[in-house]
Amino acid sequence: MKKKNLNSKKRGGVSVLAGVLIGAALGVGVGLLAESKTGKRFEKKAKNLSVDFYGYMVPQIKKVKKMGEAEYKKFVMEAMKQYSKNKKLSRAEAKYLVKDAQGAWKHLKKYL
């Protein structure tokens, strides 16, 4: 008596297992493609918002004579509250901008 193997069952010239694997691969590929388009759009929008947010913060930062890292991070959070309210940003966008702005401390501390 022969053992039945999933690979040996043919339907229209393609094994069932091969069909399942091809379907899964196509599903993953389409998902990645869709995700990457959304990710690219978000990244582009976030970069534009970052430039705008820095433009919003700079005049306020110039008023401060001396600022440490803790004060800067607190300032960024407070500035983001007002900025995100004015621009009607999503939480994800606001979170991205805060992370980006707080990460810029190493470069900005030279000028403060």
Only residues that are over 21 Å from residue 42 (Cα atoms) and in a helix (DSSP H, G or I): list them for region 83-112, please.
105, 106, 107, 108, 109, 110, 111
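Yes/no per residue for (1) modelled with pLDDT of 65 or more; (2) polar (S, T, N, Q); (3) surrounded by fewer than 10 Cβ atoms within 10 Å (Cβ to Cβ); (4) outside any loop (DSSP other than H, G, I, E, B):
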residue: 25; (1), (2), (3), (4): no, no, no, yes
residue: 30; (1), (2), (3), (4): no, no, no, yes
residue: 58; (1), (2), (3), (4): yes, no, no, yes
residue: 70; (1), (2), (3), (4): yes, no, yes, yes
residue: 76; (1), (2), (3), (4): yes, no, no, yes
So which residues in region 73-88 are farther than 26 Å from residue 109 by Cβ and touching a helix residue (DSSP H, G or I) at 6+ places or on another chain (Cβ under 9 Å)?
86, 87
Apart from one, (1) free of Cβ contacts under 8 Å to residues at least 40 places away in the same chain; (2) in a helix (DSSP H, G or I) all hold for residue 54; the odd one out is (1)
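The values are calculated or read from the model by the stated rules, or taken from the named source; none is laboratory data. As the structure is a prediction and not an experimental result, all values here were calculated from the model. Ideal geometry is used to build each Cβ from the backbone, glycine not excepted, and the neighbour counts take in all protein chains shown.
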